[in-house]
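Engineer: This structure is in structure tokens; I'll ask about it shortly.
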Amino acid sequence: MINNSLKQLGAMLASKQISSVEMTTEFLDRIDQHNPDINAYIALDRERTLAQAAAADARIAAGTAEPLTGIPIAQKDIFVAKGWQTTCGSRMLESFIGPYDAGVIERFDAAGAVNLGKTNMDEFAMGSSNETSYFGCVKNPWDRSRVPGGSSGGSAAAVAARLCAAATGTDTGGSIRQPASLCGFSGLKPTYGLVSRYGMIAFASSLDQAGPMAKSCEDMALMMNVMTGFDARDSTSLQRDKEDYTRGLPAMTGDKPLAGLRVGLPREFFADGLNAQVGSVVQAAIDEYCKLGAEIVSISLPNTRLSIPVYYVLAPAEASSNLSRYDGVRYGHRAPEYTDLMDMYCKSRAQGFGAEVKRRILIGTYVLSAGYYDAYYLKAQQIRRLIADDFAAAFTQCDVIMGPTAPGTAFRSGEKADDPVAMYLEDLYTIAVNLAGLPGMSIPAGFAEVEGKALPVGLQVIGNYFDEARMLDIGHAYQQVTDWHTRMPEGV
Amino acid sequence: MSLSISDIKRIATLARIEVSDSEAEVTLHKLSGILGLIEEMQAVDTTGIVPMSHSQDVTQRLRPDLVTKTDQRALFQSIAPAVEDGLYLVPKVIE
């Protein structure tokens, strides 16, 4: 059962072959067994979870079930959920109990999905390895000496080890796609503005976007149907007609379902910095796409390299502003001892935040400080436009862009923890997509042999704005003729 | 541009984060590396380019001027570090 698709799990529930309480219990038991080692979950609440499963069973019995009713989904601990401990991976929020539900949580609740627990993450989503979490590292289920990627590392390990049916993540610079690549499953960052940011703890507001992390594109399409939609409480939420993201999937069969599809390969994504083994796995996936009817077009995204400096101005600048709310007054950590109000702020924040979060707040404070705005923030916003223009030009020549998701496979815990700049380069191929606000997806494309272990490699698919349904079709077509997405790590 | 220890102390004060002398040394080293990365931007000529803040051409929405929130003070204060009589407690700021 644990390797079944969401559609198959839904059919099992509809036919009364299994109840949601039984299905949820099986996942909770698996979590009890494996989580002490993998550390994918920060918060579990068996009673609350099973009450939701029982309510789902009643709804199934009443005949009002929706596709995800009764299915256990893990929620990244960045989403505020009423009555749930919500920490965002930080000591600052260790004792924070959600007083309301995030838009994403509300939508899953309304669909009848079961909240299985809150997953581990890099502190305030700042990291690419899950090593900045106050609640400890997460282990990559494929090789437990390695990182799962980040920041959605807990959700990633939970999906890979089948400790949930599917999970949610958020992606500011690659935090859904890079862990999807390193842990061998499917992850999608939608167009900026499609999924509500209400109640999603803010990191860099102009880049943050939530999306599904699941075993297949079909599963992600079902989750997108639940997650997307306008929310007046998010000032950047886009007002658009409701879409059915599963609508094109049935047509993805036959000899050449992708005949005529123009796939752009950016030269900059296959240059220096890409691991050779990862490059050949990605090339093999592209060859498979040619068999499905796709045509290859060589394109250029000349400002790719600049996306990293631009991101490391914009994201810390926005973070320094967003994280100023943690002052130890209304909620969150307050230092036990202080002399006056200023000292209370400074000590509470020094104790509540970890090293990487402090670094980013300091960078952000610096680039926004008097006299530096034009040289840093404004300059970065201008180059951001150049990066978006690169994509716009590319999409006149092709329908989707493909390439590697991450430059390498999962690295060893501790390997890059002491070198922020090396860690930042992990997101070389993903960050530009956030800066442009485009949708990006990673799907399993195979494995690279590293020191005797087979480690997953992801293929990144970048689409034009609002092209998620087509991207999911394209991923689904590949998943009809390959079985990488069904592979599971040993020992789980 | 290169940073000094006194810059780090000044930024940390602006950011309301206490930084000890030994932490400031480490932070200086790490931040200098990150700023070195950021400096790559300065080689680009951006004269006349309109800064981009949102990928879509959107404007701020307005909402009707109606009361939409209910009083949840007790709930919100249940997770506060220190409250009394419905007020948040902080160290004395006015003599």
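No value in this document is a laboratory result; all are computed from the given coordinates. Since the model is a prediction, treat every value here as computed from it, not as a measurement. Neighbour counts run over all protein chains shown; Cβ positions are idealised from the backbone, glycine included.
Engineer: Could you please let me know if A:ARG177 is surrounded by fewer than 22 Cβ atoms within 10 Å (Cβ to Cβ), among the charged types (D, E, K, R) and farther than 20 Å from A:LEU44 by Cα?
Structural biologist: The answer is no for A:ARG177.
Engineer: Hey, any hits in the stretch A:34-51 for a residue that's surrounded by 24 or more Cβ atoms within 10 Å (Cβ to Cβ), in contact with an Asp or Glu (Cβ under 9 Å, 6 or more places away or on another chain) and assigned to a loop (DSSP other than H, G, I, E, B)?
Structural biologist: no
Engineer: Collect the residues in the stretch B:69-86 that are of a type outside the set (A, V, I, L, M), in a loop (DSSP other than H, G, I, E, B) and either surrounded by 10 or more Cβ atoms within 10 Å (Cβ to Cβ) or touching a residue at least 24 places away in the same chain (Cβ under 8 Å) (or both), keeping them in residue-number order.
Structural biologist: Across the stretch B:69-86, the qualifying residues are B:GLN72, B:SER78, B:PRO81.
Engineer: Name the residue, out of A:TYR311, A:TYR289, that is among the aromatic types (Phe, Trp, Tyr), surrounded by 20 or more Cβ atoms within 10 Å (Cβ to Cβ) and within 14 Å of chain B (Cβ to nearest Cβ).
Structural biologist: None of the others qualify; the one that does is A:TYR311.
Engineer: Now for a different question. Report every pair of residues separated by at least 6 positions or lying on different chains whose Cβ atoms are under 9 Å apart, first residue within the stretch A:328-355 and at positive phi, second β-branched (Val, Ile, Thr).
Structural biologist: The qualifying pairs are A:GLY328/B:VAL90; A:GLY332/B:ILE79.
Engineer: Just to check your reading of the model, which residue among A:ARG177, A:ARG267 is within 27 Å of A:ALA394 (Cβ to Cβ) and free of Cβ contacts under 8 Å to residues at least 40 places away in the same chain?
Structural biologist: A:ARG267
Engineer: With the checklist (1) in contact with a helix residue (DSSP H, G or I) (Cβ under 7 Å, 6 or more places away or on another chain); (2) surrounded by 15 or more Cβ atoms within 10 Å (Cβ to Cβ) in hand, flag the one item B:ASP7 doesn't pass.
Structural biologist: Condition not satisfied by B:ASP7: (1).
One line per residue, one yes/no per condition, for (1) away from chain B (no Cβ under 14 Å); (2) over 22 Å from A:ILE176 (Cα atoms); (3) under 15 Å from the mean Cα position of the chain (by Cα):
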residue	(1), (2), (3)
A:ASP208	no, no, yes
A:PRO212	yes, no, yes
A:MET227	yes, no, yes
A:ALA232	no, yes, no
A:ARG240	no, yes, no
A:THR246	yes, no, no
A:ASP255	yes, yes, no
A:ASP272	yes, yes, no
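Engineer: Can you find a residue in the stretch A:52-68 that is without any contact (Cβ under 8 Å) to a residue 40 or more places away in the chain, under 24 Å from A:TYR134 (Cβ atoms) and either surrounded by fewer than 15 Cβ atoms within 10 Å (Cβ to Cβ) or in contact with a helix residue (DSSP H, G or I) (Cβ under 7 Å, 6 or more places away or on another chain) (or both)?
Structural biologist: no
Engineer: If you take the residues of the stretch A:359-406 that are facing chain B (nearest Cβ under 7 Å) and among the β-branched types (Val, Ile, Thr), which of them is surrounded by the most Cβ atoms within 10 Å (Cβ to Cβ)?
Structural biologist: A:ILE361
Engineer: Within the stretch B:26-80, track down each residue that is more than 7 Å from chain A (Cβ to nearest Cβ) and closer than 28 Å to A:ARG359 by Cβ.
Structural biologist: Residues satisfying the conditions are B:VAL26, B:LEU28, B:HIS29, B:SER32, B:LEU35, B:GLY36, B:GLU39, B:GLN42, B:ALA43.
Engineer: Okay, next question. Which one of these does A:PHE447 not meet: (1) part of a strand (DSSP E or B); (2) surrounded by 19 or more Cβ atoms within 10 Å (Cβ to Cβ)?
Structural biologist: All conditions are met except number (2).
Engineer: Looking only at the stretch A:324-357, filter to residues that are closer than 19 Å to A:SER175 by Cβ and facing chain B (nearest Cβ under 9 Å); which one of those is surrounded by the most Cβ atoms within 10 Å (Cβ to Cβ)?
Structural biologist: Only one residue tops the list, namely A:PHE353.
Engineer: Given B:SER4, B:SER22, B:SER32, which one is among the hydroxyl-bearing types (Ser, Thr, Tyr) and closer than 15 Å to A:VAL367 by Cβ?
Structural biologist: The unique qualifying residue is B:SER32.
Engineer: Given the conditions (1) without any contact (Cβ under 8 Å) to a residue 40 or more places away in the chain; (2) in a loop (DSSP other than H, G, I, E, B), report the number of the one that A:LYS358 does not fulfil.
Structural biologist: (2)
Engineer: Of all residues in the stretch A:374-430 being hydrophobic (A, V, I, L, M, F, W, C) and part of a loop (DSSP other than H, G, I, E, B), which is nearest to the chain's Cα centre (by Cα)?
Structural biologist: A:ALA406
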